[in-house]
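Worksheet: the structure to be examined is printed underneath.
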Amino acid sequence: MKRFKLLFFLAFSLLLTGCSSESIADRVYTQAIGLSCDEELSFYTQGFEQDSATEPVTGMSIAEVLRCEESVNGGKIFIGHTELLCLDGTCTLEPTEELLFEQGLSPACKILYTNPEEYFQDADSTATVHMIRMSEQNGLLSSTELSTVLNEWHGIWETALIPTESKTEDYPELVLLHKNGTCTKLSDIASKGMYWLRRNSGSFTMTLETPETQEKQDIFIEKTKIQKSVQHGKLYYHVKVNTKDSTQELRDTLQNLIQKQCKLAALEMLNANADVIGMQDLLENAEIEIDNNTKPEIEISVTVS
């Protein structure tokens, strides 16, 4: 009797597994999705190992465009494993939150500022995601995950710092994306400065040209440490960079370069009415009045580790 019950349980389990496998096979898994929010939503999808996206579908809500996409693809759209979300300057907070909280988009999904229509014509989402992940791992880019962007949008300045498509292969360029859909692109110098101001760790090699010899030399950045403090009513950012086996001339060149980049980054951030270098909490804790003209003092030191 016990053996019969066991066989019945196994057979029933196999039936359940079969149904589950069939439903999974009917799913359409997306690696990248794009969203444009003009008068109506335009929704783009790209599956894993696909070179191009499907034709975009339109609708008035995320739920509507997903239903349209499912009818086109002939299967249930599953966005839970999506690695990349492409947004343009028309997108606002509401449809992005709907993707996360109502449709199951992963909070670890990376965000890219781009024109979805142009991006998905010849997209290589695997290469894009790899570039973003490597930039984060090497300390060149702070977190660009959906959860981080939404947290920054809910801050007092309602602005997030996200990467955009770059003309160079060295690093992603950056934009300040406001939750109302407007966008401010940082200059090339300010993008590099923002990397220093938001860097957490990571070692890498960069090439510098010394002013006197005008020769390009490689310098290995072993560690970067950022310290924030309030002194005599002013906000200070101390960027400490450790290098290895570099000359004093090279360290001076690097120090001046970082100083220039960071100052321009802070200026462009303030001009765009954004706080993406964490001024708000520090000033509030020090009971200093916050305004849009609060400019941090930036100190740079480059030493040999």
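The values are calculated or read from the model by the stated rules, or taken from the named source; none is laboratory data. None of the values given here were measured: they were computed from a predicted structure. All Cβ positions, even for glycine, are placed from backbone atoms using ideal geometry, and neighbour counts span all protein chains on display. Please note that ligands, DNA and RNA were not included when accessible areas were found on the heavy atoms of the full protein model with its side chains. Shrake-Rupley method; radii C 1.70, N 1.55, O 1.52, S 1.80 Å.
Key figures for this structure:
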{"item": "Strands (runs of 3 or more DSSP E) (entirely within the range 197-303) containing at least 2 residues that are free of Cβ contacts under 8 Å to residues at least 12 places away in the same chain and surrounded by fewer than 18 Cβ atoms within 10 Å (Cβ to Cβ)", "result": "216-231"}
{"item": "Residues within the range 119-138 that are touching a Phe, Trp or Tyr at 6+ places or on another chain (Cβ under 7 Å) and at pLDDT 85 or above, tallied", "result": "1"}
{"item": "So Glu136, is it part of a helix (DSSP H, G or I) and free of Cβ contacts under 8 Å to residues at least 40 places away in the same chain", "result": "yes"}
{"item": "Search result, residues across the range 126-138 that are aliphatic (A, V, I, L, M), crowded, with 20+ Cβ neighbours inside 10 Å and over 9 Å from the mean Cα position of the chain (by Cα)", "result": "Met131"}
{"item": "Boolean, Gln50 is at pLDDT 80 or above and open to solvent by 10 Å² or more (accessible area, probe 1.4 Å)", "result": "no"}
{"item": "Answer residue from the range 78-96, given it is open to solvent by 40 Å² or more (accessible area, probe 1.4 Å) and more than 22 Å from Leu174 (Cα to Cα) and is modelled with the highest pLDDT among those", "result": "His81"}
{"item": "Test: residue in the range 139-150 that is open to solvent by 40 Å² or more (accessible area, probe 1.4 Å) and modelled with pLDDT under 85", "result": "yes"}
{"item": "Single unsatisfied condition, Ile189 versus (1) modelled with pLDDT under 90; (2) among the aliphatic types (A, V, I, L, M); (3) open to solvent by 50 Å² or more (accessible area, probe 1.4 Å)", "result": "(1)"}
